[in-house]
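Please treat every number below as a calculation from the coordinates, not as lab data. All of these numbers come straight from a predicted model, not from anything done at the bench. Cβ atoms come from the backbone with ideal geometry, glycine included; neighbour counts cover every protein chain shown.
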Amino acid sequence: MVAIDVLLEFIAASPSPYHAVQTAAGRLAEAGFREVRLTDAWEHPGACYVRAGGALVAWADHGGGAVERPFRIVGAHTDSPNLRVKPHPDRSRAGFRQVAVEVYGGALLNSWLDRDLGLSGRVSVAADGGPGGTVERLVLVDEPIARVPQLAIHLDRDANKGLRLDPQEHLWPVWGLDDGTGFVDLLAERLGVAPGAIRSWDLMFHDLTAPTLLGADRSLVAAPRLDNQLSCWAGLEALVAVGRSSAPPPSVPVLCLFDHEEVGSASTTGAAGPLLEHVLERIVLARGGTRADLLRALPASVCLSADGAHATHPNHPERHEPNHRVAIDGGPVVKVNGNQRYATDAATAAVAVEACERAGVPHQRFVTRNDLPCGSTIGPLTATRLGIPTVDVGVAQLSMHSARELCGAEDPVRFVGALGAFLAG
């Protein structure tokens, strides 16, 4: 059985979507999966994975069966709400050096105050320091280089009555006293290049507090990015386990880790883009099939959209639907919304419940209150784009979209088992 410590290691190594893909690719390579490229010709691929920025698709197709063999897909996303560095990052105010940031996704802004922040992401650098093209470099500054200081209570006596933060004015991190040094100088020093070699970046700040087990009985997991790296990790471990099975499953097991879910998924590497569709078609073509065979396979396939679920909050139970209590460590949560914010229907919910039963883990059901809006996932987008029956399932957590979130220590491992049973079905 996979240990919960492996999840903590995965999250710690993955402060950005690009690092999450790098971590997942390393795990897949270790398990015998082979990397292929979107720009290469594919023969029958076997157990493979492909990377595209902050997204990754992996599958284990060992041959056999009809060319229109259906797919079992676990979909998740690598991105989380955070603070991202703007193209012109430098500002000097009141004697401090500050970094201009853009709020990415639906972040709980107050959770980013007074935290020691590191920096991560990717940078495009001139190849060989010259004008002949660029190369991509991952950046990880895993040490305290910035902080968003909160205003003292003496200067805002009403702060505890309802803190109001202006995302344009109140979230600029400080990273030192103003001595004329610019952000690009810092970046160039860390990369070992001249400042003029840096062309552009996708950079973000991350909380430096390490993922950990919490509580006197160590029954809880406190970590950044549980939404949704927990699901990425669980899907990854499930695919590796199914890929190693001596008995190939009746469907082709697939893991798709999308980027940009927190901002609507409309990108080349998001769930609204063509990445998964293109990979599935190329798997069918590599098996000797045609697009018509793909179109036969899709409606016979099933996608499980794996994303975080809201546990019933002990301090705010009135915010949850009565008679639908969702417990921490109560098992994977099947999420339902009649307005199609989740893609679950009766048939796909049954598939998820059966997978939990085969794995020997409990399951729960979530529905939101009628007077509260419901979040969404990649599930409806995947179902709409590909016509694949889809179910939304996740692990219950508190503090969703905070810089630091909370879940149970048993459910992540249970989720691995449930996803493995789903992929093997």
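Relative to the longest principal axis of the Cα atoms of the chain, the long axis of helix 346-359 makes an angle of roughly 90 degrees.
For the chain, DSSP calls about 70 percent of its internal beta bridges antiparallel. Taking Leu203, Leu257, Leu226 as the candidate residues, the one with maximal mean-square fluctuation in a Gaussian network model of the chain, Cα springs under 10 Å, is Leu203.
Within the stretch 347-395, the trypsin sites (Lys or Arg not before Pro) that combine a DSSP coil assignment with at most 16 other C-beta atoms in a 10 angstrom radius are Arg369. A cut-off under 15 angstrom between Cβ atoms defines the neighbours of Thr390, and their net charge, with Lys, Arg +1 and Asp, Glu -1, is -1. For the pair Asp158 and Arg319, the difference between a 0.36 nm per residue extended length and the Cα-Cα distance amounts to 55.5 nm.
Checking every one of the trypsin sites (Lys or Arg not before Pro) in the stretch 193-268 against DSSP loop status and a limit of 16 other Cβ atoms within 10 Å picks out Arg218, Arg244. Whole-Hz Karplus values for the stretch 263-273 come out as 10, x, 6, 8, 7, 5, 10, x, 5, 7, x Hz, taken residue by residue from phi with 6.51 cos²θ - 1.76 cosθ + 1.60 and θ = phi - 60°; glycine and proline positions read x. Between helix 275-286 and the chain there is an angle of about 40 degrees, using the helix long axis and the longest principal axis of the Cα atoms.
Taking the longest Cα principal axis of the chain as reference, the axis of helix 17-30 is set at about 40 degrees. Restricting attention to the stretch 8-111, which trypsin sites (Lys or Arg not before Pro) occupy a DSSP loop and are surrounded by at most 13 other Cβ atoms within 10 Å? Here the trypsin sites (Lys or Arg not before Pro) that fit, given the DSSP loop and packing criteria, are Arg37.
Checking (1) 63, 50, 39; (2) 56, 54, 46; (3) 68, 60, 38 against the coordinates, the calculated Cα extents along the principal axes in Å falls under label (3).
Residues within the reach of a label modelled at Glu43 (point 7 angstrom out along Cα to beta-carbon, backbone nitrogen below 15 Å), restricted to the stretch 257-294, are 286-288. Per-residue extension of 0.36 nm, minus the Cα-Cα distance of Arg291 and Ser124, leaves a gain of 56.5 nm for this segment. For the pair the stretch 32-96 and the stretch 246-319, the centres of their Cα atoms are 12 angstrom apart. With K and R counted +1 and D and E -1, the other residues having a Cβ less than 13 Å from that of Ala234 yield a net charge of -3.
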